[in-house]
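Enquirer: Below is a structure I'd like to ask you about.
The values are calculated or read from the model by the stated rules, or taken from the named source; none is laboratory data. Note that the structure is a prediction, hence the values are computed from the model and not measured. Note that each Cβ is placed from the backbone with ideal geometry, even for glycine, and that neighbours are counted across all protein chains shown.
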Amino acid sequence: MSATIVSLPDQSTARIPKMNYLSKENGLLSWLLTGDHKRIAILYLISLSFFFFIGGALAGLIRLELLTPQADLMATDTYNKVFTMHGVIMIFFFLVPSVPATLGNFLIPMMIGAKDLALPKINLLSWYLYVAGGLLAIYTMAAGGVDTGWTFTTPLSTHYVNTNVLTTGLAAFIAGFSSIFTGLNFIVTIHKMRAPGMTWFRLPLFVWAHYAASILMVLATPVVAIAIVLIALERTIGIGVFDPTKGGDPLLFQHLFWFYSHPAVYIMILPGMGVISEVISTFSRKRVFGYTAVAFSSVAIAVFGFFVWAHHMFIMGISNYAVLVFSLLTMLVAVPSAIKIFNWTFTLYKGSITFETPMLYTFGFMGLFTIGGLTGVFLGTSGTDIHLTETYFIVAHFHFVMVGGMLMAFLAGIHFWWPKMTGRMYPEKISQLAAVVTFIGFNFTFFPQFILGTLGMPRRYASYPPEFQILNVFSTAGATILGVGYLLPVLYLVWSLKYGAVAGNNPWQATGLEWQTQSPPLTENFTSTPIMDHEAYDYEWLERQKEKEVASV
Amino acid sequence: MSESTAIAHGAAEAAHQEHPAYLRHHFENVEQQADATNFAMWIFLLTEIMFFGGLFTAYLIYRNWYYPAFVSASHQLDVRWGTLNTLVLIFSSFTMAMGVWCAETRRRKGLVLCLGLTFVLGLAFLGIKTIEYGEKIEKNHVPGFHYSLNSFLDPEHDAAAKQYGDKPLPLDMARHTEVYFSLYFAMTGMHALHMIIGIGILGYMMFRAWGGAYTSGHVTFVENFGLYWHFVDIIWIYLFALLYLISRHP
Amino acid sequence: MSGQNGHAQYKEGGNAHHIVSPVVYVVILFALIIGTAATVWASFLELGVWNPVIALAIACTKAILVVLFFMHVKYSSKLTMLTVAAGVFMFLVLVGMTLADYISRAWGNW
């Protein structure tokens, strides 16, 4: 594939700009006490990667155990702890903060033409809270783990286990506040700090996506916080709020928990969708089809996402009427997501498509997220959900949307904005290889799990009937390939920091204010406040800019 | 230093003189900073609404399920202390609002006085709460700590229950009074925690206000804290209505 | 630093310049005190199902007075009012939809 839009400066003379946010100050304290949103983003990127690999190692252990039908690799209790920590770490310490805390933090001020987020100190506090929660989670693992599943379902978590529910709950609570403060910062920044001329409908769709996700972060996370507080009170003092013998209802916990945890999945996916909008436009050289529809559908996903939580509770004992209502509402929430897929597809139509790594991940996203989303419809339909819930079908569904969708979007974003963040290009060939390996590995890992689910293999079990083994072996083999696919970026991205080609301001020839300044950017982002005088994704404007540059030389 | 950087330096210094010291450099001007921080406090209050929302949800469910238990249990709370506390907080909201007015009209001593009154009223609230909690501890109405059902099984020998003419509850309904008290302590405890944090910040503000920090044009800290304080008052308005005033007719 | 025109760019909304008079605060204070007295008095009356309705109505009135006047929302931007409305709405969704499950359980299986 020789067609590429990459346009790098002459490598014999190009240098990383001497003055940039990385070189501005040196020393550990200048990083640990920074208010610069870009440095905080890098801090997050490093810590997120660390937790991702811990969560990934736990996933590896799960797949190793499931190679054989017997629970022979580890004790079943240990297996319970492994999948619980895998879920807790991957959700609270990787997926929820992934794009917002790294790419969102780095890019939102630049995309709106501001010097920083509205509350830089709160931003730094967010990172410290994240690290504190993460360290507590690691401590929990060392102290013996917790085996309730990441969902902490009562009354198991309150009355029947002796494991570290409280410390894990506390870790999630602290991480929740990190998330709340990030979302709060984004909302205030996007409302109050846009540059002159940057109206709402000239914002990049990445910003719209983060705005919608931030609304969810701010309104939903406190509810899971109080749920965790109540679990703590139940476990320590025995207040009885979830205890049937004292008149409590265990299902109340689930209502409060899923009131957050369903919007949480939209918190996880919306920023990824924002990345996809940016990447797909750049690599089709076309504005996103139906900008308004995509912007409004982001907000619609956020709003409707609040009304559907009990579809995680269909079999738990809620009333049939609640099942009916929540099932109907779940059908509704699928619509805005589908609208986005359609709009991205129409963006591709008659575009000049090239296949650089971010675009490969984007194609992967579109296919895998669509499959994951469609299988969600089977789960939202209460009749089929009764058979499919708590089986591997659910596991496959959420891994398709979260890993096939969100993680691919995260990788697309990291690759897309790597030149901006570091001033260097990653090596294209090996990164394309890694993307393909990831895609293949992913499908081998998780597609068999749909079949296993429909055949009836339950989730969260260390052992299973022997007739399921062949599919499980497929899945584990795929996981190995997937692991290679995730390891490669770490290696070549770190390599590129020293040896990558100098990227220049705008290697992708993208629109967007962040691409109109140097790579890596200055600490204050812009030398003077930019004035926004064109629409988003205006490639004609970009052409005129280039002509002006050439003319002035 | 080359000429161009010297010029840039001079220009930056001149620009600095127009900016108050409290203007953070990522903001264009003071209005933007005040507006943004005010909006940020409102968003934070949204998170607080949802945080307490979970507790209110639990309360409403169990009150619906165990109404007789909730009625009897609520009679164990002294409505006089509760009313007094409500008035204390309402007054403290008034003094806080007056404090903001003093800051806006640059009345330094007035501001310190108002913050001081708010501080004292806040402490008074906590003092009354301590008395109330003490009463509950004495009568073993704290869930998980030798919770006693006697007041509900045998209201004749309980002054508070007798005052309202309560009938003895059946045993299972009497057990559900523990749920009421769980929620009572969880909700008022969470509220009290927010009060303690607020009083702490008030102390800090009084100290800074005395030095004139808030009466030279930069009122946002006082204003935004005021929002927090009023919010905590609003939570109590609902807690009072829901926990104390379920039904006190004989 | 931004350029010379940096100052002019940001147009503030909201209550930056409107100072609420103490008279308003005193009036609201008295309204709140009267509301408190009313709600306590009402709780001693036998009004059946209307007891909680009246208690909540008075509480909501008091809350609205605090929000509008003590918290300056009446003098604030539309954005502030929208923010308050969003919070109240989400709270009602949480409480309402959860309660709907609990109440409809008693309706039996269709």
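Enquirer: Which residue is surrounded by the most Cβ atoms within 10 Å (Cβ to Cβ), if the candidates are limited to segment A:489-503 and must be in contact with a helix residue (DSSP H, G or I) (Cβ under 8 Å, 6 or more places away or on another chain) and more than 20 Å from A:His399 (Cβ to Cβ)?
Expert: Per the criteria, the residue is A:Ala503.
Enquirer: Cβ-Cβ distance below 6 Å, separation of 6 or more or different chains: which pairs start in segment B:231-245 with a residue that is under 17 Å from C:Met71 (Cα atoms) and end on one that is among the aromatic types (Phe, Trp, Tyr)?
Expert: Partner pairs satisfying both residue conditions: B:Ile235/B:Phe52.
Enquirer: Could you tell me whether A:Thr354 is in contact (Cβ under 8 Å) with a residue 60 or more places away in the chain, under 30 Å from A:Val325 (Cα atoms) and among the polar types (S, T, N, Q)?
Expert: no
Enquirer: Taking the stated definitions as given, is B:Tyr180 crowded, with 22+ Cβ neighbours inside 10 Å and of a type in the set (Ser, Thr, Tyr)?
Expert: Details: crowded, with 22+ Cβ neighbours inside 10 Å: yes; of a type in the set (Ser, Thr, Tyr): yes.
Criteria met by B:Tyr180.
Enquirer: Considering only residues that are within 7 Å of chain B (Cβ to nearest Cβ) and not in a helix (DSSP H, G or I), which ones fall in segment C:41-80?
Expert: Selection gives C:Phe44, C:Leu45, C:Glu46, C:Met71.
Enquirer: What pairs can you find where one residue is in segment A:16-33 and closer than 16 Å to A:Ile46 by Cα, the other is at pLDDT 90 or above and of a type in the set (Lys, Arg), and their Cβ atoms are less than 7 Å apart, with a gap of 6+ or different chains?
Expert: Short answer, once both residue conditions are applied: A:Trp31/A:Arg39.
Enquirer: Going residue by residue through segment B:202-219, is there one that turns out to be under 14 Å from the mean Cα position of the chain (by Cα) and under 30 Å from C:Ala37 (Cα atoms)?
Expert: Taking every residue of segment B:202-219 in turn, at least one turns out to be under 14 Å from the mean Cα position of the chain (by Cα) and under 30 Å from C:Ala37 (Cα atoms).
For (1) at pLDDT below 95; (2) charged (D, E, K, R); (3) farther than 27 Å from B:Met41 by Cα; (4) surrounded by fewer than 20 Cβ atoms within 10 Å (Cβ to Cβ), each residue gets a yes or a no:
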position: C:Leu32; (1), (2), (3), (4): no, no, no, no
position: C:Leu45; (1), (2), (3), (4): yes, no, yes, yes
position: C:Ala59; (1), (2), (3), (4): no, no, no, no
position: C:Lys62; (1), (2), (3), (4): no, yes, no, no
position: C:Tyr75; (1), (2), (3), (4): yes, no, no, yes
position: C:Val88; (1), (2), (3), (4): no, no, no, yes
position: C:Leu92; (1), (2), (3), (4): no, no, no, yes
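Enquirer: Hey, another quick one. Filter segment A:523-533 down to the residues that are buried (at least 16 other Cβ atoms within 10 Å of the Cβ) and either under 18 Å from A:Met425 (Cα atoms) or in contact with a helix residue (DSSP H, G or I) (Cβ under 9 Å, 6 or more places away or on another chain) (or both) and list them by number. Walk me through it before giving the result.
Expert: Restricting attention to segment A:523-533, the residues satisfying the condition of being buried (at least 16 other Cβ atoms within 10 Å of the Cβ) are A:523-526, A:529-530, A:532.
Within segment A:523-533, A:Thr523, A:Asn525, A:Phe526, A:Thr529, A:Pro530, A:Met532 meet the criteria.
Enquirer: Follow-up question, since we're still on this one. Taking the condition of being touching a residue at least 40 places away in the same chain (Cβ under 8 Å) and over 14 Å from B:Gly122 (Cα atoms), how many residues in segment B:189-204 meet it? Even if it seems obvious, please write down each step before you answer.
Expert: First, pick out the residues of segment B:189-204 that are touching a residue at least 40 places away in the same chain (Cβ under 8 Å): B:190-192, B:194-196, B:198-199, B:202-203.
Those still in the list that are over 14 Å from B:Gly122 (Cα atoms) too: B:190.
Within segment B:189-204, residues that are touching a residue at least 40 places away in the same chain (Cβ under 8 Å) and over 14 Å from B:Gly122 (Cα atoms) number 1.
Enquirer: Then there is this: For A:Arg202, work out the one condition from (1) surrounded by fewer than 23 Cβ atoms within 10 Å (Cβ to Cβ); (2) closer than 18 Å to A:Leu95 by Cα; (3) not hydrophobic (A, V, I, L, M, F, W, C) it doesn't fulfil.
Expert: Condition not satisfied by A:Arg202: (2).
Enquirer: Hey, another quick one. For the condition under 20 Å from B:Leu126 (Cα atoms) and either more than 7 Å from chain A (Cβ to nearest Cβ) or of a type in the set (Gly, Ala, Ser) (or both), what is the one hit in B:Phe94, B:Phe27, B:Phe70, B:Phe56?
Expert: Answer to the check: B:Phe94.
Enquirer: Taking the conditions exactly as written (free of Cβ contacts under 8 Å to residues at least 24 places away in the same chain, among the acidic types (Asp, Glu) and farther than 22 Å from A:Pro521 by Cβ), does A:Asp72 satisfy them or not? Write out each step before concluding.
Expert: Details: free of Cβ contacts under 8 Å to residues at least 24 places away in the same chain: yes; among the acidic types (Asp, Glu): yes; farther than 22 Å from A:Pro521 by Cβ: yes.
Yes.
Yes/no matrix, rows are residues, columns are (1) aliphatic (A, V, I, L, M); (2) more than 30 Å from A:Gly113 (Cα to Cα):
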residue	(1), (2)
A:Ala132	yes, yes
A:Tyr139	no, yes
A:Pro155	no, yes
A:Phe173	no, yes
A:Gly176	no, no
A:Ser214	no, no
A:Ala220	yes, no
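Enquirer: I'd like to verify a number: residues in segment A:177-207 that are of a type in the set (S, T, N, Q) and at the interface with chain B (Cβ under 9 Å from one of its Cβ atoms), how many?
Expert: Summing the residues that are of a type in the set (S, T, N, Q) and at the interface with chain B (Cβ under 9 Å from one of its Cβ atoms) in segment A:177-207 gives 2.
Enquirer: A further question on this structure: Going by what's in this entry, would C:Val20 be described as at pLDDT below 95 and under 23 Å from B:Cys114 (Cβ atoms)?
Expert: So C:Val20 fits the description; yes.
Enquirer: Turning to a different aspect of this structure: Here is a check on your reading of the model: is A:Phe283 out of contact with any strand residue (DSSP E or B) (no Cβ under 9 Å at 6 or more places or on another chain) and under 26 Å from A:Thr511 (Cα atoms)?
Expert: Considered against the rule, which asks whether it is out of contact with any strand residue (DSSP E or B) (no Cβ under 9 Å at 6 or more places or on another chain) and under 26 Å from A:Thr511 (Cα atoms), A:Phe283 comes out as yes.
Enquirer: Report the residue count in segment A:4-15 for those that are touching a residue at least 24 places away in the same chain (Cβ under 8 Å), closer than 24 Å to A:Thr357 by Cβ and of a type outside the set (Gly, Ala, Ser).
Expert: The total comes to 6.
Enquirer: Next question. Output the residues belonging to segment A:235-251 that are in contact with a Ser or Thr (Cβ under 9 Å, 6 or more places away or on another chain) and touching a residue at least 60 places away in the same chain (Cβ under 8 Å).
Expert: A:Arg235, A:Phe242, A:Asp243, A:Pro250, A:Leu251
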